[in-house]
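These notes are about the structure you will find just below.
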Amino acid sequence: MRLWPASLFGRTAAILGLAFLAFQIAALALVAFTILKPLALRSADDLAALMVLSAQTWAELPPETRPVFERELAQHHHLLIQNADRPLGTRADNFLNSHYIEAALSRRTGQDVMLKAGQPGWAWAEMRMGGHAIRIGFERDRYGVQSPLAAVGLVSLGALLTWITALIVVRRISRTLARLASAAGEVGQGQMPQPLPESGATELARLSQAFNRMANEVQALLANRTTLLAGISHDLRTPIARMRLALAMLPEDADPQLMRQIEHDLEEMNRLIGGFLELSRGLQAEPPSKVDFNILLGTLADDARRSGGQVEWQPGAACVAEAGVQSLQRVLSNLIENALRYGENRPVTLACRCSERLIEIDILDRGPGIPPEQLEAVFQPFYRLESSRSKATGGSGLGLAIAQQLAQANHWQLSLRARDGGGLMARLSIPVGT
């Protein structure tokens, strides 16, 4: 399970959230140690001084005047004082500065004073003064220091608003970057994305302008490449046709071996030109349609067998999904042809796994394989392994490049990996429902 977000927005939100949480903790600690604690100590000491003075005064007054003093004390100071005939047994519940009040009373009286529970909402202290056991009480809500909830709430609200504002700003930037990344992916697949809006902050607007200009230049370069390849391929086929005609008109006593070699070279040139033309088509994405993968793979296996290849294919469970049919046939045909060419005349195996979200098609051979450091390089146009550069098996170096570009254009994934026991496995992964 990923605890740290992967996206820029998620990471920024998490960092800002942690920063504001640390700020809140620091602010509360500062309030507690610089305001609450000193205030609680001062309040506890003042209350303890008043309670001790009141108890001393009550003890020194004649019994007949004590009721008047008790009424004055209750009316002006909200303290109740009386004889402690029987000690209270229940200790009062702790509140914010209860320990400070007990400590102040104990220090001023020299006695071990604990606050006791009496009537609801009151706390009582029992002490001995002038030979009398005196009980004096106060209202907890009046003398207990209250938490500065308003200040804490204000700080929290300010931090929350700042965090939300920062997230809105980051969200706008991350959306621009996400659009830029999506458009860059389309350019990488040879497509022309919609122009990015050149508005907003100066830096983002300049970035969008530079990207739009780059995308147009890339499209112009691709168009020029396509035109050049198509023109060269078209122009080369005319002299090849003339060479074929001249070869057919040679005398019957011409060297048969030489004629076969020339025919083979002409066929190789024609096949290479066909690859150029296929590469120059742009390799665009194809609108998807319903495909039965068992039928498609069976057809491709039969076609390969008719051409002399050994292909093993056993259809499995029903597998029907939406995909570009023509693009799929071209990619799989290139992969099967490549496996047969380099499979050293051993059978090539086809396998298909179908789930609700992904279809995986494997083409497996028992050839010499590809060195791990060259598994990605073989997808480059005209790239050929040193061991395959023979006229008997060497191709043009375009088959895997065309398959990879078609796969990328249709949002599929094509990968190569070593096969257990020797050989190569080519896997085409096709997302379902995307």
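The values are calculated or read from the model by the stated rules, or taken from the named source; none is laboratory data. The model shown is predicted, which means the values in this text are computed figures rather than measured ones. Cβ sites come from the backbone with ideal geometry, for glycine too, and all protein chains shown count toward neighbours. Note: accessible area is taken over every heavy atom of the protein model, side chains too, but ligands, DNA and RNA are not part of it. Shrake-Rupley method; radii C 1.70, N 1.55, O 1.52, S 1.80 Å.
Odds and ends about this structure:
- Vicinal HN-Hα couplings computed from phi for the range 245-259 (Karplus, 6.51 cos²θ - 1.76 cosθ + 1.60; Hz; Gly/Pro x): 5, 5, 5, 5, 8, 5, x, 5, 8, 5, 4, x, 5, 5, 5
- Only Lys, Arg, Asp and Glu carry charge here, each on its Cβ (+1 for the first two, -1 for the last two); on that basis the range 1-108 has a dipole of about 720 debye about its Cα centre.
- Leading residue at positive end of dipole, the chain (Cβ point charges), from Ser174, Ala49, Val331: Ala49
- Ranked from largest to smallest solvent-accessible area, with a 1.4 Å probe on the protein heavy atoms, Trp313, Trp58 come out as Trp313, Trp58.
- Nearest-10 value in Å² for the accessible area of His411, using the 1.4 Å probe: 120
- In Hz, Karplus ³J(HN,Hα) per residue of the range 370-378 (6.51, -1.76, 1.60; θ = phi - 60°; x = Gly, Pro): 10, x, x, 6, 10, 5, 8, 5, 5
- Under a model in which nothing but the beta-carbon of Lys, Arg (+1) and Asp, Glu (-1) is charged, the chain shows a dipole of about 780 debye around its Cα centre.
- Highest average first, the peptides 32-41, 336-345 ordered by how many other beta carbon atoms sit within 10 Å of their residues are 336-345, 32-41.
- The range 1-85: trypsin sites (Lys or Arg not before Pro) in DSSP coil with no more than 12 other Cβ atoms inside 10 Å: Arg2
- Per-residue ³J(HN,Hα) for the range 321-338, Karplus 6.51 cos²θ - 1.76 cosθ + 1.60, θ = phi - 60°, Hz, x for Gly and Pro: 7, 8, 6, x, 5, 4, 4, 4, 5, 5, 5, 5, 4, 4, 5, 5, 4, 5
- For the chain, calculated [θ]222 nm from helices alone, where every DSSP H run of n ≥ 4 adds -39500 (n - 2.57): -18500 deg cm²/dmol
- Top of Trp122, Trp412, Trp163 by mean-square fluctuation, Gaussian network on the chain, Cα under 10 Å: Trp122
- Scanning residues 5 or more positions from Val432 or on other chains, those with amide H under 5 Å from its amide H are Leu358, Ile359, with H placed 1.01 Å from N in the peptide plane.
- Think of the chain as having a plus end and a minus end, set by charges on the Cβ of Lys, Arg, Asp and Glu; of Ala183, Gln119, Ala29, Gln119 sits farthest toward the positive end of this dipole.
- Solvent exposure of the chain, expressed per residue, is 60 Å² of accessible area, with all protein chains present and a 1.4 angstrom probe.
- Of His99, Asn83, Thr238, farthest towards positive along the dipole that unit charges on Lys, Arg, Asp, Glu beta carbons give the chain: Asn83
- Expressed to the nearest 5 percent, the antiparallel share of DSSP beta bridges inside the chain is 95 percent.
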